[in-house]
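Working notes, structure below.
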Amino acid sequence: MLDLFFLKAGNELKSISKKINLKDLIACQAFKTQSEASKAINEFKLQGIKAIPCNLIEGRQGLMKNLLNAFNAKNISEAMQAVSRKGINLLLLRDAKAIDAGMIALASRNNVAIGLLLADFLKQPASEQALLLRQWAFIARLCRKFQTNFFVFSGAVDLTGLRNPEDLKALYSLLGFSKDQANRFSNQAVEILSQAIE
């Protein structure tokens, strides 16, 4: 099972990911230079952590070679930019109202996966979580319709935010995927996103 987080390498990360059975991780950071990205990758390797390096992009920031490039979209214009821009592999959708059927179809044509973060859901007041879950289920349904790769990640910003793979699989089920589909999505995530940077 693959999870995306916004943490730096460290012994605690290795220990906790092992305890909760997280085998594959996407280490997402906003890198300023290719050498900064290489340094971060080496830190993960030295700690013995298997992590796919990911460059977090905001606005017109440049792409990084040999890295997964994820666009952090907080509104509809940023989401449109992400699904239209060459070289973007993953759209981290931070506002569920910022995407429509046309953009999801375009994401499919341009091989841009849609990613939702459990951390964004947990930040919402309880009164708004049900609405957000319905919006996410609608996005998931459109992703199935247009065969757009769709992933759910913890989006952890600290160690307590990391989630057991079974928690993420349960979220896939809440979004309308069968248990088999949830397993397939979570298992194929590593392969699909690794291929994107080869």
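Every number here is computed from the coordinates shown, using simple stated rules; none is lab data. In this text, all values refer to a predicted model and were calculated from it rather than measured experimentally. We place every Cβ from the backbone using ideal geometry, glycine too, and count neighbours over all the protein chains shown.
Maximal additional length on extending the ARG109-ALA30 stretch stands at 25.9 nm, based on 0.36 nm per residue less the C-alpha distance.
The amide H of ALA30, built 1.01 Å from its N in the peptide plane, has LEU56 as neighbours under 5 Å, considering only residues 5 or more places off or on other chains. Checking every one of the trypsin sites (Lys or Arg not before Pro) in the stretch 1-81 against DSSP loop status and a limit of 15 other Cβ atoms within 10 Å picks out LYS8, LYS23, LYS32, LYS50, ARG60, LYS65, LYS74.
Taking Rg/Rh (Cα atoms, Kirkwood Rh) as the quantity of interest, determine which of (i) 0.97; (ii) 0.94; (iii) 0.99 was computed from the displayed structure. Identified label for the calculated read-out: (ii).
Note on ASP100 and ARG60: the model spin-label points, each 7 Å out from Cα along the C-beta direction, lie 2.6 nm apart. Counting only DSSP H runs of at least 4 residues, each contributing -39500 (n - 2.57), and dividing by the residue count of the chain, the helix-based mean residue ellipticity at 222 nm comes to -14500 deg cm²/dmol. For MET103, neighbours were defined as the other residues whose beta-carbon sits under 14 Å from its Cβ, and their charges (Lys and Arg +1, Asp and Glu -1) total +1.
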